[in-house]
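Below is one structure, written out as C-alpha cells; comments come after it.
The values are calculated or read from the model by the stated rules, or taken from the named source; none is laboratory data. What you see is a predicted model; the values in this text were computed from it and never measured. Quick reminder, even Gly has a Cβ in these numbers, built from the backbone with ideal geometry, and neighbours come from all protein chains shown.
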Amino acid sequence: MSAAKGTAKPRRFNPDRDVEDWHGAYVPYDILKEALVALLVVGVLIAGLSIIFSSPDEHPVTLKSWTANDPVDFAQTAITELDGTSAVATYGPPYNATPGSSQSIGFFSPEKWFGVRHPVNTAQDFVIDPLRTLPNRPALTAVLNRYTSAPSSQQALWTAAYEKAVTKASFAHGALRVPAGRYGPVAPMMSALTSMARSGSLDGALLSSSQFYDTNYTKPLLYIADGTYLANLAGQQHLQGNQWGMMNETGSFPGQAWLWLYTLWYQVPPMNSSPNADLQVWAIMMGLTVLLVCLPFIPGLRSIPRWSRVYRLIWRVHYRELQGPATT
Amino acid sequence: MSIETGSPGPQTHAGPDSRQWTARARKAAVAAFPPERLLPDRQPAYMASWIYVFGILTLVSLAWVILTGCVLAIMGPTWWHMSTVGLFVNSLHLWSVEAFFFFMVIHLWGKFFMAAWRGNRRLTWITGVVTFVISVGAAFTGYLSQQNFDSQWISTQAKDGINASGAGAIFNVLNFGQMLMWHIVLLPLVVVALTGVHVLMVRRRGIVPPFVVEGDAASSAPNSSPVETEDDS
Amino acid sequence: MMIVLVIRALVNLNGPGHYLHWGFIQISVANVLLIALMVVVFVGAILIPFRRGKGRNR
C-alpha cells in the first residue's frame with residue numbers, strides 16, 4: 001500500500017486491524033454461476049419448507065369475539081376505561097398525560113419529552129362516544145346525558161360501586177347481570193356497551209371514528225389489550241413476556257430466535273421487576289448494538305478472533321499450502 | 001457522427017481534465033470499480049472453505065424475500081388469508097425470511113472469526129451489522145402486517161418498549177397502514193441500499209486475507225510495515 | 001408426494017408448541033432445533049473440506 005494522496009503516516013502493524021497485502025495465487029471463480037446456483041438451492045429449500053410446514057395464521061381477536069367468549073372480562077375492562085383506572089387510561093404519553101407514568105432512567109425520559117401524540121381519552125373514546133353512535137335509543141341517550149352532566153365526584157361513586165360489583169357479574173340469556181347496587185346510569189351504559197360489542201358494531205365504531213378509510217387500529221387494539229382475554233390466549237401460546245414470548249411464534253413454528261438477547265434482559269433483575277424495564281432494556285440493547293457496530297475499533301474485543309484461533313480451521317488449506325508439499 | 005457505420009464520432013465524452021460533475025463521478029466510479037473488480041473471475045487461493053458461501057446465500061435469500069413480497073403486494077395484504085395460493089406465497093415469504101436470518105447470522109459468525117474488518121474493511125463490517133439491525137426492524141414490521149392474532153399480540157406488546165424509547169411518538173405499531181408502508185417501502189429501500197453498499201465495499205476492498213501465523217512463509221514483500229494513508233475509508 | 005404428506009402429518013406445526021425449561025430459561029423446541037442447526041451448519045462449513053475446481057469453478 002502506498003500513499004495516493006494526503007500524507008503517508010507509518011503506523012505499527014496491528015494484526016487485529018491491519019493485513020499484509022495478498023501477493024499469492026488466484027484461482028478461477030464464476031461469481032454469476034455461483035449466484036444462480038445459490039438462488040436455485042435456496043428457492044428449492046424454501047419451497048420445500050413451505051409445502052411441508054406452511055405458515056401460521058391464527059384468527060384475530062375482535063371486540064365481538066372477546067365479548068362472545070368472555071363478556072364479564074369485557075365489562076370489567078370497560079368500567080375501568082370509563083373511570084380512568086385502566087392500563088391505557090393511566091398509560092401516559094403518547095396516549096394521554098398521566099403524571100408520573102413515563103418510564104425514565106434518571107432524568108432521561110424520552111417518552112415524556114415527546115408528549116401525547118396519539119391522544120386517547122378512554123371514557124370518551126371507548127365508552128361514551130361509541131354508545132352515542134347507536135341510533136334511535138332515547139333511553140340510552142338520557143342515561144348518557146345523566147352520566148356526562150353529573151359532577152365527577154358522583155361519577156366516581158357510581159363507577160367505583162360498579163367496578164366492585166362486576167367482579168361477581170354473570171352473563172345469561174344475552175344479558176350482563178351484576179348484583180343489585182347503586183350504580184346510577186353506569187349499569188345500563190355497561191349493559192348497552194356489552195351488547196354493542198357482541199353485535200360487532202363496537203369494532204366498527206372504534207375504527208371509523210375519525211374517517212371512513214381508516215387503517216389505524218390504535219383504539220380497538222388498546223381496548224382489546226386492556227382485557228385479559230387476549231393475554232390469556234397469548235399465554236396459552238407461550239407468547240407472554242415472562243415466557244420469553246418475544247422469541248416465539250404461535251403453534252410449533254420457529255419464531256424469532258434472533259431476539260434471544262433482547263428478551264433475556266427482561267427475565268433478569270432488576271429489569272424483571274422494574275417499572276422502567278422497557279427503557280432499561282432498550283438502553284442496554286442500544287449500547288450492545290453500538291459495541292457490535294464499532295467492534296473493529298475496540299482493542300481487546302477485536303482481538304478475540306485471533307486469540308480463539310478458529311481462523312486456523314477456516315484457513316487450514318492456505319496454511320498447509322504455505323508450509324509446502326513436504327509437510328502434507 | 002457517421003451515419004453509415006453508426007460508430008461514435010469525436011466529442012462524445014468530455015476529456016480527462018473535465019470539471020463536469022458527471023465526468024468526474026464517472027471517472028471516480030470506474031477507478032473504484034473497474035469491471036474486472038466489479039465482476040471478478042478470480043478469487044484468492046486462500047478462499048477454500050464452505051464458510052464463504054454464506055454471504056451469497058444471505059443475498060439470494062433476500063432476493064426471495066423481496067420477490068415473494070412483491071407477489072403478496074400484487075394481490076394485497078388480505079389475500080393470503082383467503083386463498084390457498086396466497087397462503088403458499090406467504091409461507092414462501094416467511095421461510096425465506098427465516099433462511100435470510102439463518103444464513104446471515106452464520107455469515108456474521110464467520111466474518112467475526114476471520115476478523116474481516118482488518119485492512120480498511122471496517123465500513124464493510126459496519127454496513128453489515130447495521131443491515132442486520134435494520135433487517136430485524138423490517139421483519140418486525142412484517143409480523144405487524146399479518147393482520148392476525150400474532151400481529152395483535154406483537155403490536156400491543158412491542159408498543160411499550162417503543163413508546164419508552166420515545167420512538168412511539170412517530171412510529172405507532174398499532175397503526176397497520178403506517179407499519180405496512182414501513183414494511184413494503186421504507187425499510188426494504190434501506191435494507192437494499194445498505195446491502196448494495198456492503199457488497200460494493202466487498203468488491204472494492206476484496207476478501208480479507210488470512211492472519212499471518214508465526215513461522216509461515218510471508219505472502220507479501222519482505223518489508224512488512226503497512227502504511228495507511230489519511231484518505232483511507 | 002406421499003413422503004410430503006407423511007411428514008406433514010407427523011409434523012403439523014399448527015399444533016401446540018413444546019417448550020424446554022432450564023432454570024429461568026424457557027425456549028421452544030422449534031427455536032432450539034433452529035439454533036442447534038445453525039451451530040451444526042457453522043461448524044460443518046468450517047470443517048467440511050472444500051474442494052476447488054470440482055466442476056463449478058472452472
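With the requirement that a residue be of a type in the set (A, V, I, L, M, F, W, C) and touching a Ser or Thr at 6+ places or on another chain (Cβ under 9 Å), what does the range A:20-37 give you?
Matches in the range A:20-37: A:Trp22 only.
Taking the condition without any contact (Cβ under 8 Å) to a residue 60 or more places away in the chain, surrounded by 14 or more Cβ atoms within 10 Å (Cβ to Cβ), within 7 Å of chain B (Cβ to nearest Cβ) and within 26 Å of B:Phe112 (Cα to Cα), does A:Leu49 pass?
So A:Leu49 does not fit the description; no.
Those residues that are within 9 Å of chain A (Cβ to nearest Cβ) and among the small types (Gly, Ala, Ser), I need them from the range B:71-115; list them, please.
Of everything in the range B:71-115, those that are within 9 Å of chain A (Cβ to nearest Cβ) and among the small types (Gly, Ala, Ser) turn out to be B:Ser91, B:Ser96, B:Ala99, B:Gly110, B:Ala115.
Only one residue in A:Leu176, A:Leu131 is on the phi < 0 side of the Ramachandran plot, outside any loop (DSSP other than H, G, I, E, B) and at pLDDT below 95. Which one?
A:Leu176
Inspect all residues belonging to the range A:307-317 and state whether any of them is facing another protein chain (nearest Cβ under 7 Å), assigned to a helix (DSSP H, G or I) and in contact (Cβ under 8 Å) with a residue 12 or more places away in the chain.
The answer is no; no qualifying residue exists.
Among the residues of the range B:39-62, are any assigned to a helix (DSSP H, G or I) and of a type in the set (Asp, Glu)?
No - not one qualifying residue is present in the range B:39-62.
Would you be able to tell me the number of residues in the range B:153-193 that are within 8 Å of chain A (Cβ to nearest Cβ), touching a Leu at 6+ places or on another chain (Cβ under 6 Å) and in a helix (DSSP H, G or I)?
Residues flagged as within 8 Å of chain A (Cβ to nearest Cβ), touching a Leu at 6+ places or on another chain (Cβ under 6 Å) and in a helix (DSSP H, G or I) within the range B:153-193 amount to 4.
Test each condition in (1) in a helix (DSSP H, G or I); (2) within 8 Å of another protein chain (Cβ to nearest Cβ); (3) of a type in the set (Lys, Arg); (4) in contact (Cβ under 8 Å) with a residue 24 or more places away in the chain for A:Arg17 and report the one that comes out false.
Failed condition: (1).
Name every residue in the range C:9-28 that is under 23 Å from A:Tyr266 (Cβ atoms) and polar (S, T, N, Q), in order of residue number.
Selection gives C:Gln26, C:Ser28.
Are any residues in the range A:248-270 at pLDDT below 90 and either in contact with a Cys (Cβ under 7 Å, 6 or more places away or on another chain) or aliphatic (A, V, I, L, M) (or both), and if so, which ones?
The answer is A:Ala257, A:Leu259.
If I go through the range A:101-156 residue by residue, how many of them are surrounded by 19 or more Cβ atoms within 10 Å (Cβ to Cβ), among the charged types (D, E, K, R) and closer than 23 Å to A:Asp83 by Cβ?
1
Is there any pair linking a residue in the range A:272-299 that is more than 10 Å from chain B (Cβ to nearest Cβ) to one that is buried (at least 16 other Cβ atoms within 10 Å of the Cβ) and not in a helix (DSSP H, G or I), with Cβ under 8 Å and at least six apart or on different chains, and which?
Taking only residues 6 or more apart or on different chains, the pairs are A:Pro275/A:Gln103; A:Pro299/A:Asp16.
Quickly run through the range A:232-242 and pick out the residues that are assigned to a helix (DSSP H, G or I) and buried (at least 19 other Cβ atoms within 10 Å of the Cβ).
A:Ala234
Before we move on, is A:Gln243 touching a strand residue (DSSP E or B) at 6+ places or on another chain (Cβ under 6 Å), free of Cβ contacts under 8 Å to residues at least 24 places away in the same chain and under 30 Å from C:Val39 (Cα atoms)?
Judged against the criteria, A:Gln243 is a match.
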